[in-house]
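Since the structure comes first, as structure tokens, the remarks are kept for the end.
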Amino acid sequence: MGYVSLTVVTVVLCVLQLLLVSAIGHHPVGEGPKRHFEAKAEHFLVIGCDGFGGMFLENATSFLPHFAKFFANGATTTRMRDRNPSVSAPNWAAITTSMSIEESGVNSNSWTPADDNPGNDITGGGMPPISGAGKVPQAYWAAAKIQNPELKTAISISWDWINYLCDNNTCDDLFRGKEDDLAVAKAMAGFIHDHQPNVMFVHFDSIDDAGHSSYWGSEKYYNATKNVDGYIGLMLDALDAAGIADKTLVIVTADHGGWQSHHGDFSQSNVYIPGLFMGPGVRPKYKISSPTSNLDFAPTGLTAIGLKPGEFMQGRVLQEIFQYPSE
């Protein structure tokens, strides 16, 4: 009889727990109760600063005025995490596709689209992306085009590897700058002026180059950050001149940090990257304290312009960075 009573009590407690979870919702760590912000942006732009580790940004905003604007007017963290190993291709893939290395199949800088279709080679042929063998991992501009083919996309890149992710005519405007950051900035400014793209990505490479040719945190390194700060200013000015600054979510991040003259180690100086957000509906002077990673940029940007995260995206929408209608 006692056994039956204990069983009944256990069942009742389990039912009560299920009812409680149903009432308040179940949420990933750091996400808090689900609230749906009102999508206010019509455009979003991700600015990638290769090699600008979050720890190297923390004490540099006094001489980086355009980076400083994000801290004054937006939601920020310098302790977002990249994917391990802290090298470029797997992390730019993570930023643009919201897939981890295991999911995108991009495991090194030597990856090419041929690696996404290993066929019957089960020991050394790589891994197909979860978006399908024989297809490049689906970037956020491709996910946007699937939902609304009328949206305009623009990509301007300094590191040419990123061109691998522009497939099937998903990039309406594409500039391949061959490591000329100024040309990359001017090209994107031109795209903004001419077409006011809805979905944008720009990549600058010179900070990483300075780290490798001197060391992370050197005078040469920080001079490179000053140059990139100026290029970000060109982007912001172009948005303003085109009349879409108040309709654009701008995100600034990096693929990795570094130490001495290399990167790829599993350490704070390598893994921590900035996550800077500024635009309509973003909380001003908001310090992001919840756990987050570079998988979260793409779903957040797409949601901000009223779209859904891509079918294969693994990151979460950073709802906490946005103000809500009742606030």
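The values are calculated or read from the model by the stated rules, or taken from the named source; none is laboratory data. All of these numbers come straight from a predicted model, not from anything done at the bench. Cβ sites come from the backbone with ideal geometry, for glycine too, and all protein chains shown count toward neighbours. What goes into the accessible areas is simple: the full protein's heavy atoms, side chains included, and nothing from ligands, DNA or RNA. Shrake-Rupley method; radii C 1.70, N 1.55, O 1.52, S 1.80 Å.
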- Note on the structure: Expected max-MSF residue from 195, 203, 66 in the GNM of the chain (alpha carbon, under 10 Å) is 195
- Task: With only alpha-carbon atoms counted, please give the Rg and Dmax of segment 169-316, in Å.
- Result: 16.3, 43
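Roughly how many debye, to the nearest 20, is the charge dipole of the chain about its Cα centre, given +1 on each Lys and Arg Cβ, -1 on each Asp and Glu Cβ, and no other charges?
Details: 21 positive and 34 negative charges, 200 e Å.
Computed charge dipole of the chain: roughly 960 debye.
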- Over segment 157-207, what is the relative contact order in whole percent, taking alpha-carbon pairs under 8 Å and six or more residues apart? 46 percent
- Accessible surface of residue 81 - all protein chains present, 1.4 Å probe, nearest 10 Å²: 130 Å²
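Normalised by the number of residues in the chain, what is the relative contact order in percent for Cα pairs under 8 Å and 6+ residues apart? Don't skip to the end; give the middle numbers.
Values: 713 pairs, mean separation 104.3, N = 327.
Taking the mean separation of contacting Cα pairs over the length of the chain, I get 32 percent.
Express the accessible area of the chain per residue in Å², computed with a 1.4 Å probe while the remaining protein chains stay in the model. Kindly include the intermediate steps, with their values, before the conclusion.
Numbers: 14750 Å² over 327 residues.
Value returned for the chain: 45 Å² of accessible area per residue.
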- Query: How many times 2.2 N^0.38 Å is the alpha carbon radius of gyration of the chain?
  - Reply: 1.07
- Task: Over 29 Å between C-alpha atoms is what I'm after, so list which of 247/287; 40/226; 135/285; 145/285; 285/308 land there.
- Result: 40/226; 135/285; 145/285
- Query: Tell me, what HN-Hα J-couplings in whole Hz come from the Karplus equation 6.51 cos²θ - 1.76 cosθ + 1.60 at θ = phi - 60° for each residue of segment 280-286, using x for Gly and Pro?
  - Reply: x, x, 7, 5, x, 6, 9
- Item | Distance between segment 194-249 and segment 135-165 - C-alpha centres, whole angstrom | 19 Å
- Query: In bins 10 Å wide, starting from 0, what share of all Cα pairs of segment 238-296 does each bin hold, as a percent?
  - Reply: 19, 39, 26, 15, 1
- Query: Given the Cα-Cα distance of residue 222 and residue 110 and 0.36 nm per residue of separation, how much length would full extension add, in nm?
  - Reply: 37.5 nm
